[in-house]
């Protein structure tokens, strides 16, 4: 929420490989909550990465909940 939001991205990363983006939402989303679902299988060779990017302003909030 806010003009300072860049993007929220969920990646799946296999050990030794570049992360693969599985889901992303970018830009100002008003004051609404959006549910994002990502289907994946994680084993000992995989990691789930969550990346939140902001813009040049601090006017924004990103929330993550399980």
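If you go through region 31-42 and keep only what is touching a strand residue (DSSP E or B) at 6+ places or on another chain (Cβ under 8 Å) and touching a residue at least 24 places away in the same chain (Cβ under 8 Å), you end up with 36, 38, 40, 42. Selection of region 26-51 for residues being at pLDDT below 85 and either under 18 Å from residue 65 (Cα atoms) or surrounded by 14 or more Cβ atoms within 10 Å (Cβ to Cβ) (or both) yields 26, 29, 31, 32, 33, 34, 35, 36, 37, 38, 39, 40. Pairs are defined by a Cβ separation below 8 Å, a sequence spacing of at least 6 or placement on different chains, a first member in region 43-59 that is over 14 Å from residue 27 (Cα atoms), and a second member that is assigned to a loop (DSSP other than H, G, I, E, B); the pairs so defined are 45/15; 46/15; 46/40; 47/15; 48/40; 48/42; 49/19; 50/64. Exposed (fewer than 11 other Cβ atoms within 10 Å of the Cβ) and on the phi < 0 side of the Ramachandran plot: does that describe residue 56? When the stated conditions are applied, residue 56 passes them. Residue 64 meets all of the listed conditions (1) in contact (Cβ under 8 Å) with a residue 40 or more places away in the chain; (2) surrounded by 13 or more Cβ atoms within 10 Å (Cβ to Cβ) but one, namely (2).
Within region 1-30, residues that are within 21 Å of residue 63 (Cα to Cα) have Cβ atoms under 6 Å from residues that are modelled with pLDDT of 85 or more and in a loop (DSSP other than H, G, I, E, B) in these pairs: 11/19, counting only partners at least 6 apart in sequence or on another chain. So, of the residues in region 1-19 that are at pLDDT below 90, closer than 14 Å to residue 53 by Cβ and in contact with a strand residue (DSSP E or B) (Cβ under 6 Å, 6 or more places away or on another chain), which turns out to be surrounded by the most Cβ atoms within 10 Å (Cβ to Cβ)? Only one residue fits best here, namely 8.
The values are calculated or read from the model by the stated rules, or taken from the named source; none is laboratory data. Given the structure is predicted, the values throughout are model-derived calculations rather than measurements. Using ideal geometry, Cβ is built from the backbone for each residue, glycine included, and neighbour counts are taken over all protein chains shown.
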